[in-house]
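Below you'll find the structure, written out as structure tokens, and then a few comments.
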Amino acid sequence: MNTEHDGSGKVKFFDTTLRDGEQAPGYSMNIEEKVRLARQLEKLGVDVIEAGFAIASPGDAASVEAIAKAVEGPVVASLSRALVKDIDAAWAAVKAAKRPRIHTFLATSDLHLARKLKMTREQALARIADAVKYARNLCGDVEFSLEDASRTDPDYMCRAVETAIKAGATTINLPDTVGYATPAEIAAMVGNVIGRVPEAGSATISLHCHNDLGLAVANTLAGLAAGARQAECCIGGIGERAGNAALEEIVMSLRTRRDCYDLDYAIDTKEIAKTAQLLSSITGVKIAPNKPIVGRNAFAHESGIHQHGVMADAKTYEIMTPESVGVKKTALVLGKHSGQHAFSQRLRDLGYSLAKDAEDRLFASFKVLADRKKTIEDRDLVALVDMATGHAAGENDWRLDNYVVSSSNKMFSTACVTLVKAGKTATESAFGTGPVFAAIRAVEKIVKRPFSLDDYQIQAVTERRDALGEVSVKISDSTGTYRGRGVSTDIIEGSILSTLDAINRMLAGSGAALGSGAASCVQRSFEDDDLLRGRTDR
């Protein structure tokens, strides 16, 4: 918990990574992953976790309920339209939380009222009053959002805010839904509501700014300076279209420019880097190198002039320390001659605290990797830790024992793969148009559970020829969609490991027994998948 500030007001951080952030293409998460990220958000110190949109699907409702039961400190909110059925679904999902919130919304701009809702201004005010009253009878903490607030008539906005507060809303959110506003306009909007609505002082004024013009963080800061006291944001700024305001950029702006923003907050900034890395690990979406605060170049200096300045005094080119966001500087070089003491110290420097048995297993993986690479970098260790902690290996999980492949540009590739499960080994051979295709086809033959490969990505964790590669896959069958990750200096091994990771999740998730009968419930098998043929022929 941050205790450094005692300013004139406290900013509540409302994190919507698990709701608005997850709506962005490529960022969907399963329940296990959402709960894991929610627990890290709790460590980060966010005040509110918007866990999902309960009415959207049974899966969304289940994930909101799971998060409500998993965290204790933050408020847990579920979004709902201003409809009774939505509000009921939201309440059913969050009522188990120690601090539940119902977050309901209705558009208030004339454009949305006329074109989308086919509703008059007066009808909208009546809907707002009814929805907020209904929600407040269920839950003592109700947030109301005026969708498209930044394009709403200022006079009508004040009427809508007044209506919502009188009906029982404890938080009023003024979203820049389409990222259209400028900082000056956001400040004027907040000032207008605070200055003209007599009841405004009894509710927290919140901002939810989108980044379509790249102004989400600037707009949020302008609104906070004008009197808003809740910032709605996402880790890494993910979200619909161009995303939302980035949590880490807002909080580090408050911390670094204390002279401009005399505001307190509860965020533990040293957890920022770890939280961003966890999100990237779960979703498989990489953090841009130049991303402020959490990108790998944020505290890197290549220019000779910059290096000279930083060596003399880091403040010459760094306006914040890497340690302040959980990034550790160290000159300790890890390699195959390193002992476990140095390895353990580096893990602690990176912010990881693992049980002794887990650390021992990770050290064994580190030694295998060190035999293949001259130097192990921090990003290599982070990848290893993520792999080790991302999916708890069970006794009935399939594991790779060994594989042999034969490949040529003049012939089909062949692979022989041996897997281990519950102490027993199984071996199969297969061929394909590339070594990865052949290897994973052999895996499918062993597990006797056909699946479709929906996505396959390879990313170098570090640079140079001996780089550790991270393979991310997404597979599906009739029971659902499952992600897997594998890291290795060998892309074939990484591909097998990532596929096994996904398969083990699939088998655990479906609860179906292995056997030839499993194929009957699957629409198509791996070997028929055009994506694999096109993307793994390497």
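The values are calculated or read from the model by the stated rules, or taken from the named source; none is laboratory data. This structure is a prediction, so every number in the text was calculated from the model and none was measured. Note: ideal-geometry Cβ built from the backbone for every residue, glycine included; neighbour counts use all protein chains shown.
Please indicate, with yes or no, whether at least one residue in segment 84-104 is assigned by TED's automatic domain parsing to the domain that holds Gly168, out of contact with any Ser or Thr (no Cβ under 9 Å at 6 or more places or on another chain) and polar (S, T, N, Q).
no
What is the residue count in segment 126-145 for residues that are farther than 17 Å from Thr108 by Cβ, of a type outside the set (Gly, Ala, Ser) and surrounded by fewer than 16 Cβ atoms within 10 Å (Cβ to Cβ)?
Number of matching residues: 2.
Based on what the data block shows, is Ala164 buried (at least 24 other Cβ atoms within 10 Å of the Cβ) and in a helix (DSSP H, G or I)?
Working: buried (at least 24 other Cβ atoms within 10 Å of the Cβ): yes; in a helix (DSSP H, G or I): yes.
Taking the combined requirement at face value, the residue satisfies it.
Could you list, in sequence order, the residues of segment 228-244 that are small (Gly, Ala, Ser) and part of a helix (DSSP H, G or I)?
The first filter runs over segment 228-244 and keeps only residues small (Gly, Ala, Ser), leaving 228, 231, 236-237, 239, 242-243.
Gly236, Gly237 - these are the residues of segment 228-244 that are small (Gly, Ala, Ser) and part of a helix (DSSP H, G or I).
Ala169 - would you say it is modelled with pLDDT of 95 or more, in a helix (DSSP H, G or I) and not polar (S, T, N, Q)?
Values: modelled with pLDDT of 95 or more: yes; in a helix (DSSP H, G or I): no; not polar (S, T, N, Q): yes.
Judged against the criteria, Ala169 is not a match.
Conditions tested, residue by residue: (1) at pLDDT below 95; (2) basic (Lys, Arg).
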residue	(1), (2)
His5	yes, no
Val11	no, no
Asp20	no, no
Gln23	yes, no
Asn30	yes, no
Lys43	no, yes
Glu50	no, no
Phe53	no, no
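Look through segment 412-440, keep the residues that are in contact (Cβ under 8 Å) with a residue 40 or more places away in the chain and part of a helix (DSSP H, G or I), and return whichever of them is nearest to Asp477 (Cα to Cα).
Residue satisfying both the conditions and the ranking: Ile440.
Does Val193 satisfy being farther than 21 Å from Glu50 by Cβ, buried (at least 24 other Cβ atoms within 10 Å of the Cβ), in the same structural domain as Gly45 (by TED's automatic domain parsing) and at pLDDT 95 or above?
Working: farther than 21 Å from Glu50 by Cβ: yes; buried (at least 24 other Cβ atoms within 10 Å of the Cβ): yes; in the same structural domain as Gly45 (by TED's automatic domain parsing): yes; at pLDDT 95 or above: yes.
Taking the combined requirement at face value, the residue satisfies it.
Tell me, yes or no, whether segment 280-303 has at least one residue that is modelled with pLDDT under 70, touching an Asp or Glu at 6+ places or on another chain (Cβ under 7 Å) and not aromatic (Phe, Trp, Tyr).
no
So which strands (runs of 3 or more DSSP E) are wholly in segment 441-488 and hold at least 1 residues that are in the same structural domain as Arg505 (by TED's automatic domain parsing) and modelled with pLDDT of 90 or more?
Output list reads 452-460, 469-477.
To keep it simple, each residue is scored yes or no on (1) under 20 Å from Ala51 (Cβ atoms); (2) not charged (D, E, K, R).
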| residue | (1), (2) |
| --- | --- |
| Cys209 | no, yes |
| Val217 | no, yes |
| Leu221 | no, yes |
| Arg229 | no, no |
| Ile235 | yes, yes |
| Ile238 | yes, yes |
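If you take just the strands (runs of 3 or more DSSP E) that sit entirely in segment 1-90, which of them hold at least 3 residues that are touching a Cys at 6+ places or on another chain (Cβ under 8 Å)?
Those strands (runs of 3 or more DSSP E) span 12-15.
Can you name the residue in segment 333-357 that is assigned to a loop (DSSP other than H, G, I, E, B) and surrounded by 12 or more Cβ atoms within 10 Å (Cβ to Cβ) and is also modelled with the highest pLDDT among such residues?
Leu354
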